[in-house]
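J.: Take this structure, written in structure tokens, and hold onto it; I'll ask about it next.
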Amino acid sequence: SQPIMGTILNLTVYGPDRDQCEEALAETIATMRSLEAKMSRHMADSELSTLNRTSILENPGQDLLNVLNLAQDISRKTSGTFDVTILPILTLHERSDGIVDFKGNSTARKLVGYKNLVIGKDSIKLNQPGMGVSLDGIGKGYIVDRGVDQLKDYGFNNVYVEAGGDLMVSGQKSNDTPWRIGIRNPRPEQKKELVTLQVSNKAIATSGDYFQAFSPDLKHHHIIDPRSGFSPPELASCTVTAPNVALADGLATAAMVLGKDAALDLLEPMQGCEAYMVTKELKQYNTTGFFS
């Protein structure tokens with residue numbers, strides 16, 4: 001376990017040689033930290049911070065290009081309910097203590113729009129002054145994916161990599177059984193049976209109103225609808241399974257914004273992706289293949 005990306009990174013590797021396992025883990029953590037240093041909006045010298053500060057980034061690294069292109073694809077598939085240019089509104093909420101001025105919110109909303117993020121091979125540009133990008137809803141997933149890829153390159157196929165609710169499991173546990181993953185109850189003060197999945201070679205990401213709340217009643221939190229500038233009112237959490245963590249991460253965020261009906265319509269036909277949602281009243285909904 002290591003602190004990273006404002007959360008705790010947990011890695012489990014099974015292999016015949018402890019020293020080789022520990023060497024692979026150390027190298028993988030170093031790689032994941034280097035990716036954080038490129039993609040974090042909180043690090044002043046990161047590529048992302050340079051883009052946000054100057055509205056243009058020349059000669060971006062391939063990893064930033066990869067994650068932004070995936071983000072744009074998710075934005076198109078979700079009709080803009082997932083949008084990495086949400087930063088102006090997010091910053092407003094982070095500074096507001098849960099009380100957002102409607103005029104300020106209206107001004108910030110005008111700076112949000114994924115279509116004004118222009119990604120080229122040699123540069124990335126924000127078309128409107130004052131725009132900004134946050135990779136909070138996808139960057140962590142991408143970094144977890146890269147960590148899993150590196151462990152596989154070292155020859156370790158039975159691995160578990162998790163950071164702040166976003167995880168990938170590959171292969172089996174040491175006794176040749178599938179990984180067993182529990183889904184957090186978004187309201188732990190209300191006791192209910194733990195929902196679990198047995199999975200292998202699958203990514204899982206959970207978004208919830210409890211991860212970073214701006215108000216005690218969880219009405220205002222870090223997941224924001226780009227269309228309204230406020231947190232969506234229906235869901236307390238959404239867990240998505242997908243072929244990779246970055247995709248699961250982005251879709252879980254979009255589902256929170258969309259609400260259960262539109263999210264089910266989006267995810268039900270999407271190959272390799274399933275969802276489990278809990279409303280603020282603790283009613284549960286899922287796509288047909290989530291538990292299969």
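The values are calculated or read from the model by the stated rules, or taken from the named source; none is laboratory data. Bear in mind the structure is a predicted one, so any value in this text is a computation, not a measurement. FYI the Cβ positions are ideal-geometry reconstructions off the backbone, even for glycines, and counts take in every protein chain you see. Heavy atoms of the whole protein, side chains included, go into the accessibility calculation; ligands, DNA and RNA do not. Shrake-Rupley method; radii C 1.70, N 1.55, O 1.52, S 1.80 Å.
J.: I'd like to check something: does the stretch 167-182 contain any residue that is among the small types (Gly, Ala, Ser) and open to solvent by 50 Å² or more (accessible area, probe 1.4 Å)?
T.: So far as the stretch 167-182 goes, yes, one or more of its residues are among the small types (Gly, Ala, Ser) and open to solvent by 50 Å² or more (accessible area, probe 1.4 Å).
J.: I'm trying to understand the selection: among the residues of the stretch 91-132, which are of a type in the set (D, E, K, R) and farther than 17 Å from Leu48 by Cα?
T.: Hits for the stretch 91-132 are Glu94, Arg95, Asp97, Asp101, Lys103, Arg109, Lys110, Lys115.
J.: Which one of the conditions (1) in contact with a Gly (Cβ under 7 Å, 6 or more places away or on another chain); (2) assigned to a strand (DSSP E or B); (3) open to solvent by 10 Å² or more (accessible area, probe 1.4 Å) does Leu197 fail to meet, given that it meets all the rest?
T.: If we test Leu197 against (1) in contact with a Gly (Cβ under 7 Å, 6 or more places away or on another chain); (2) assigned to a strand (DSSP E or B); (3) open to solvent by 10 Å² or more (accessible area, probe 1.4 Å), just (1) comes out false.
J.: Related question: Please determine, by comparing only the residues of the stretch 84-139 that are assigned to a helix (DSSP H, G or I) and of a type in the set (Gly, Ala, Ser), which one is most open to solvent (accessible area, probe 1.4 Å).
T.: Ser106
J.: Now a separate question. For the stretch 229-286, give me each residue that is out of contact with any Pro (no Cβ under 7 Å at 6 or more places or on another chain) and at positive phi.
T.: Gly229, Leu282
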